[in-house]
Amino acid sequence: MAKFSEADDLVTLVRRQSIAVHAAGQSITHIVVELRNLTFQLFKRVLITPGTYFIASGLHQNMVLYKKRRLYLFRRRRRQIVFPAACMNATRPVPGHGDTFIDVAKADDSLCLFLKRARRKSPNIIQAGVWAITDNFSAHDIQPAITTTVTASVEARRHISISRRQIRAAKRMLDKLEIRNRL
């Protein structure tokens, strides 16, 4: 069996039409992704890297993945996986169970770098850093945004709050990586 170092990135496989992706909203911290191998090859080695994001089909936020994942997808089979993710486009509603995504893409280099380094941090620190990069948010912008997006989502089950300490942790990471931010 081939090693995962020979795996193809999910975005590349989708562009080649080797893999079909269907994704649905879950919450501000997770997304449900269904992958389907469209080829007759015994299996496809799929690599999913931080910075892979799903493009919203409606007015809800795009979702970006921050954990690296390697998997096999067998011939003509489907596989459904729940991935930890962060929301992009802070002024839009959080995706709920009825919200879908139409495509997959790769984020810019600064977001990918941040996500690779932040993958073991709390989801709140990651969310603060993502919005600082994608929406140019300041520390003062984050709390009202999290409250608005979560309450705007019909399917939000709990109140999510990003603390000042978590915002400062995101700022330290961004500053260390020399990523311009307003946190």
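Every read-out reported here was derived from the displayed coordinates using simple, explicitly stated rules and does not represent laboratory data. It should be emphasised that the depicted structure is a prediction, and the values quoted were computed from it without experimental measurement. So basically every Cβ, Gly included, is an ideal-geometry build from the backbone, and we count neighbours across all protein chains shown.
Worth pointing out:
- Residue-count net charge about Glu34 - beta-carbon cut-off 9 Å; Lys, Arg +1, Asp, Glu -1: +3
- Rounded to 5, percent antiparallel among DSSP beta bridges of the chain: 90
- Lys-Lys pairs in the chain that are eight or more residues apart or on separate chains and whose Cα atoms lie under 19 Å of each other come to 14.
- Spin-label pair Phe43-Ser57: with each label point 7 Å from Cα along the Cα-Cβ axis, the two points sit 3.0 nm from one another.
- The residue list Ile55, Ile133, Ala169 was ranked by how far each Cα lies along the charge dipole of the range 4-176 toward its positive end, using unit charges on Cβ atoms, and Ala169 comes out on top.
- Per-residue Cβ neighbour counts within 10 Å put Asp9, Asp135 in the sequence Asp9, Asp135, beginning with the fewest.
- Built amide H within the under 5 Å cut-off of Phe101, gap 5+: Ala23, Ser57
- The chain: angle of helix 164-176 to the longest principal axis, Cα-based, in degrees nearest 10: 60
- Cα long-axis angle, helix 139-152 against the chain (0 to 90 degrees, to the nearest 10): 60
- Each residue of the range 38-141 gets 110 Å³ once the volume of the Cα convex hull is shared out per residue.
- Calculated FRET efficiency for the pair Arg180/Arg76, C-beta based, R₀ 41 Å, to 0.05: 0.35
- For the range 1-93, the equivalent ellipsoid derived from the alpha-carbon gyration tensor has semi-axes of 25, 13, 11 Å in decreasing order.
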